[in-house]
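Chemist: First, the structure itself, so that you have it in front of you.
The values are calculated or read from the model by the stated rules, or taken from the named source; none is laboratory data. Treat the numbers as computed from the prediction; the structure is a model and nothing was measured. In this analysis, Cβ positions are derived from the backbone assuming ideal geometry, glycine residues included, and neighbour counts consider all displayed protein chains.
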Amino acid sequence: MDKKIIFLGPPGAGKGTQAKQLAESLEIPHISTGDMLRSAITQKTPLGQKAQQYVDAGELVPDELLVDLMQERLSQPDAQKGWILDGFPRTVQQGSFLDDLLQEMNQTPDSILNLEVPDEELIERLLGRGRKDDTQDTIRRRLEVYREQTQPLLDYYRDRERFHSVNGDLPPEEVTQNLQKIVQSSAG
Ligand code: ADP
């Protein structure tokens, strides 16, 4: 199905897992800025070299790097029919850039999904995940950065008709089912 979905939520909320599932069942690309940046870092591309210090410290990579990356990714042929954005936007400025870009491309998101999970659960999940940027200090910093820079995005989107908050503190299959229901009832 041709769907355009924006996924929001704190680190550890399960965005990646859920976005991957949904993308597979809807047969649309899963666009994860975290995955793209980690791959750029491993391959030591110019983007990766610029991004590494921020990712390792749990800080956000500067908006202009993300904006170029997304502009390029969303203009690829496979992204013309639909996509799931996971990890972008992460600041109000990125959100407003995305609105402009989509308008230029004559596209509108069908659903804006926010996964909600309590902090204690997030920390437990992130510590259990053991990714290279999942040390105790970076996890603490990523949650702070989320509160300071990403949470304001919720106010930016909250009043839109297509915004839905979903409980992410349930077994993954239940979360998937709840998300599927919302996406299927959305326009597009
Ligand atoms: P998590 O699942 O823990 O939220 P991600 O895989 O989405 O982590 O992102 C990992 C790191 O990549 C972030 O901590 C940040 O440094 C960088 N990053 C990803 N997306 C963005 C973005 N939209 N803006 C700035 N930095 C980003």
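Chemist: Which members of region 122-139 meet the condition of being surrounded by 13 or more Cβ atoms within 10 Å (Cβ to Cβ) and in contact (Cβ under 8 Å) with a residue 60 or more places away in the chain?
Modeler: Those that are surrounded by 13 or more Cβ atoms within 10 Å (Cβ to Cβ) and in contact (Cβ under 8 Å) with a residue 60 or more places away in the chain: 122, 123, 125, 126, 129, 133, 138, 139.
Chemist: Taking the options 86, 2, 56, name whichever one is touching a Phe, Trp or Tyr at 6+ places or on another chain (Cβ under 8 Å), touching a residue at least 12 places away in the same chain (Cβ under 8 Å) and of a type in the set (Asp, Glu).
Modeler: Selected residue: 86, the only one of 86, 2, 56 that is touching a Phe, Trp or Tyr at 6+ places or on another chain (Cβ under 8 Å), touching a residue at least 12 places away in the same chain (Cβ under 8 Å) and of a type in the set (Asp, Glu).
Chemist: Same structure, new question: Listed residues 27, 116; which is in contact with a strand residue (DSSP E or B) (Cβ under 8 Å, 6 or more places away or on another chain), in contact (Cβ under 8 Å) with a residue 24 or more places away in the chain and surrounded by fewer than 17 Cβ atoms within 10 Å (Cβ to Cβ)?
Modeler: None of the others qualify; the one that does is 116.
Chemist: Another question about this same structure. Within the group 131, 147, 90, which residue is part of a loop (DSSP other than H, G, I, E, B) and at pLDDT 95 or above?
Modeler: Result: 90 is the single residue among 131, 147, 90 that is part of a loop (DSSP other than H, G, I, E, B) and at pLDDT 95 or above.
Chemist: Next up: Quick check on residue 107: is it surrounded by 17 or more Cβ atoms within 10 Å (Cβ to Cβ) and more than 10 Å from the ligand (Cβ to nearest atom)?
Modeler: yes
Chemist: Go through region 53-103 and give me each residue that's polar (S, T, N, Q) and within 12 Å of the ligand (Cβ to nearest atom).
Modeler: 53, 91, 93, 94
Chemist: While we're on this one: Is one or more of the residues making up region 46-60 modelled with pLDDT of 95 or more, under 30 Å from residue 180 (Cα atoms) and not in a helix (DSSP H, G or I)?
Modeler: The answer is yes; a qualifying residue exists.
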